[in-house]
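The values are calculated or read from the model by the stated rules, or taken from the named source; none is laboratory data. All figures in this text were calculated on a predicted structure; none of them were measured in a lab. Cβ coordinates were reconstructed from backbone atoms using ideal geometry, including for glycine residues, and neighbour counts include every protein chain displayed. Remember, those area values only see protein heavy atoms, side chains included, never the ligands or the DNA or RNA. Shrake-Rupley method; radii C 1.70, N 1.55, O 1.52, S 1.80 Å.
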Amino acid sequence: MSLTEQTSDSAPLFSSDSEADGPDERSRPATEPEAPASGVSAMRARLTVFILCYINLLNYMDRFTVAGVLPEIENFFGIDDGKSGLLQTVFICSYMFLAPCFGYLGDRYNRKYLMSVGICFWSVVTLASSYTPKEHFWALLLTRGLVGVGEASYSTIAPTIIADLYVKEKRTNMLSLFYFAIPVGSGLGYIVGSQVSSAVKNWHWALRVTPGLGGVAVLLLLFVVQEPKRGAVEARAEEQLHRTGWLTDLRALLRNRSFVLSTFGFTAVAFVTGSLALWAPTFLFRAAVFTGEKAPCSEAHCSSSDSLIFGIITCVTGVLGVASGVQVSRLLRTKTARADPLVCASGLLLSAPFLYLAIVFAQSSTIATYVFIFFGETFLSMNWAIVADILLYVVVPTRRSTAEALQIVISHLLGDAGSPYLIGVVSDSMRRTDSFLWQFRSLQLSLLLCSFVAVVGGAFFLATALFIEEDRNRAENYAPTDDGPIVVPKSGRSTRVPVSSVLI
């Protein structure tokens, strides 16, 4: 076996545009224009980012469509808050446990094909979930759990493609655009879900909007997106970096203090956003029912105005939060290399009091509640693009998909995988009667937990700032040891062992 065969197991799946199939730079004629380092033209790179943003928006739109019609789902199936919270929890758990699998595959095989398969499966399962009969709530739980396959295949891989197309300020800008899709897609999920349900008087149709758009996404991935060369734009192609084993990657990531601490900080963001995403529209609706501003749910339909308003606020605050976070970080970078984690910490710490006030004022002033939600969500959204950028510059290119997957597992396992269910269980346990007063009051008290978690998350980002410079320099100057395998005779046949094992 020759030395060049050692990476043959990492060749992309049936790809003609992969990083492994690029032409040999040294064999090109001198008169031929120099191709981009990533192997992708500037126009194709921009189209790729646009398509990835579209799919990211679609994923979050689908995820929060259920939240937009949650009162109707509770009324349809006759379930309590604990079971309602499971709808988000089973999805996040599926997504969380599958993320490492796609992270492992994303570091080794063609990424656009992996995403295409996942999104196709997600679209089919989402459509199937819309036909759940009234007697089979478990079927809705099962299909919502399977939806996590699509998002796991996408969320772990898409940021690494952007990282292989751009560097430095351009990468930050493109990631900002990519993460704009999270709050905008979430807001559209509330809006589309509630308005489609209101228009046809049937919440099932709210789940039938995104599958068709998912089919369009698969076609765009297959025929427009081109796989870039890993690490080439950083003048360190993956062949130079040497891909290491999965356990070696995990050990290296767990020793990376900036990665670990920022992941725990992002876990707090996931906990708060997961809780608010599922329960905020329902909480606002119960507050309006308690104060007499709205009537309770009828047999077939609930008022959708709270989901509509909350969706609009989520869209606007998401755009403002991501844009302001990136801009503040860019300005602070001229003064300190610790700007990114400091901005993330500030966002969480500032969001905590506004979220607390929004929850407390819900029973007395609807306008004040929406104002506090606006500021709380704006500060909370400052983290999205910056956290992704931190991961990409403190981790070497050949470990980024694995790092994305590990961050997804930790942040969701301790964050939004359990927070919607936890909020629902706490609400049920504190409810003394089934009156409108206690339906509102119990959920109000349980949501106060979000403010406390936001403060804890801010502390983790402050700790990240202590190590960010050292870990970034280590990643940028990473040089693997020259420990390539050589052929050594063994019992009449050759075997491959590391050089260090022979030289001891």
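Where Lys and Arg each count +1 and Asp and Glu each count -1, what net charge lies around Trp122 among other residues with Cβ under 10 Å from its Cβ?
Once positives and negatives cancel, what remains is -2.
Using a probe of 1.4 angstrom, how much of the accessible area of the stretch 139-236 is carbon and sulfur, in percent?
73 percent
Magnitude of the charge dipole for the stretch 38-231, about its Cα centre and with charges confined to Cβ atoms of Lys, Arg (+1) and Asp, Glu (-1), is about 720 debye. In this simple spin-label model, placing a label point 7 Å from the Cα along the Cα-to-Cβ direction at both Gln195 and Val360 gives a separation of 3.5 nm.
Summary of the geometry: the stretch 384-452 and the stretch 245-273, compared by the centres of their Cα atoms, lie 16 Å apart. Taking Cβ atoms as reference points and 15 Å as the exclusive limit, the residues near Gly145 contribute a net charge of 0, counting Lys and Arg as +1 and Asp and Glu as -1. Computed across the stretch 247-477, the Kirkwood radius stands at 18.6 Å (inverse of mean 1/r, all Cα pairs). Among residues other than Pro420 with Cβ under 14 Å from its Cβ, the summed charge is -2 (Lys and Arg +1, Asp and Glu -1). For the stretch 38-231, what number of Lys pairs, 8 or more residues apart or on separate chains, have alpha-carbon atoms under 26 Å from each other? Eligible lysine pairs with Cα atoms under 26 Å apart amount to 8.
Among the protein heavy atoms, those of Ser186 account for about 10 Å² of accessible surface (1.4 Å probe, every chain in place).
The figure for Trp384 is an accessible area of roughly 30 square angstrom, using a 1.4 Å probe on the protein chains alone. Computed on protein heavy atoms with a 1.4 Å probe, the accessible areas place Phe259, Phe436 in the order Phe436, Phe259, largest first. Estimated at the nearest 10 Å², the accessible area of Leu332 is 60 Å² with a 1.4 Å probe. For the set Leu414, Leu357, solvent exposure ranked by accessible area (probe 1.4 Å, protein chains only) runs largest to smallest as Leu414, Leu357. The length gained by stretching the chain between Ser324 and Val371 to full extension, at 0.36 nm per residue less their Cα-Cα distance, is 15.1 nm.
Using the Cβ-Cβ distance between Trp246 and Glu469 with R0 = 25 Å, the FRET efficiency computed as 1/(1 + (r/R0)^6) comes to roughly 0.35. Solvent exposure of the stretch 38-231, expressed per residue, is 32 Å² of accessible area, with all protein chains present and a 1.4 angstrom probe. Taking every alpha-carbon pair under 8 Å whose residues sit at least 6 apart, the stretch 247-477 reaches a relative contact order of 39 percent. Dipole orientation for the stretch 38-231: of the candidates Asn173, Val124, Leu141, Asn173 has the Cα lying most toward the positive pole (charges on Cβ; Lys, Arg +1; Asp, Glu -1). Rounded to the nearest 20 debye, the dipole magnitude of the stretch 247-477 is 460 debye, with +1 charges on Lys and Arg beta carbons, -1 on Asp and Glu beta carbons, and the Cα centre as origin.
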